[in-house]
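The values are calculated or read from the model by the stated rules, or taken from the named source; none is laboratory data. Since the model is a prediction, treat every value here as computed from it, not as a measurement. With ideal geometry, Cβ positions are generated from the backbone for all residues, glycine too; neighbour counts draw on all protein chains shown. Calculation scope for accessible area: heavy atoms of the full protein, side chains included, ligands and nucleic acids excluded. Shrake-Rupley method; radii C 1.70, N 1.55, O 1.52, S 1.80 Å.
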Amino acid sequence: MAHHRVSDPETDPNSRLYNPYQDLNLQVPITNLYKLPTTPEFLFAEESLHQRRSWGENLTFYTGSAYLGGSVSGAGVGLFSALRSFEQGDTLKLKINRILNGAGHTGRSWGNRIGVVGLVYAGTESGIVAVTDRDDIWTSVAAGLTTGAICRAARGVRSAAVAGALGGLAAGAVVAGKHVLKRYVPI
């Protein structure tokens, strides 16, 4: 059996690397194509004047964060629920199955519910910012109030009002906590 020597294409003079740009006759050095910018790029100049996320980034961030947080919390609740439901004669395989089913089902359920709340909040906050052209603590409070009211509107006016008040308080507390952390916790 013959031994084939594996050569390094960069040092072996008999081989060459494939260059996908060789026939394009580019006047720019290839290395400049791979130097990525370190600052954000904006499609419109007006976007660079504002020091906040765009509505799409807001939507992605709040929905994703809410879904992740809800999924992890729901998985924890499902885990403890599964641990409480163990019976005397359960085998290890059955116990693992109960844990995985309970954590997976509850995690998905909570993630979807809380993700929708994040979606409604992000859309509401972005809409308020677009209308008022202000992004402050009151915008977040109004978005939390509206989100709470929308999410509980099907249960009646009283439930929507209570949920709206709680949503406004929660959003205000989160934003105030963020400002306190920025001011007093050095990073």
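A few comments on the model shown:
- Among (1) of a type in the set (A, V, I, L, M); (2) surrounded by fewer than 16 Cβ atoms within 10 Å (Cβ to Cβ); (3) touching a helix residue (DSSP H, G or I) at 6+ places or on another chain (Cβ under 7 Å), the one test that Ala45 misses: (3)
Matching residues to (1) charged (D, E, K, R); (2) in a helix (DSSP H, G or I); (3) open to solvent by less than 80 Å² (accessible area, probe 1.4 Å):
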{"residue": "His105", "(1), (2), (3)": "no, yes, no"}
{"residue": "Val117", "(1), (2), (3)": "no, yes, yes"}
{"residue": "Thr124", "(1), (2), (3)": "no, yes, yes"}
{"residue": "Gly148", "(1), (2), (3)": "no, yes, yes"}
{"residue": "Arg158", "(1), (2), (3)": "yes, yes, no"}
{"residue": "Val175", "(1), (2), (3)": "no, yes, yes"}
{"residue": "Pro186", "(1), (2), (3)": "no, no, no"}
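- Extreme residue, modelled with the lowest pLDDT, among residues of the range 68-95 that are exposed (fewer than 15 other Cβ atoms within 10 Å of the Cβ) and of a type in the set (Val, Ile, Thr): Thr91
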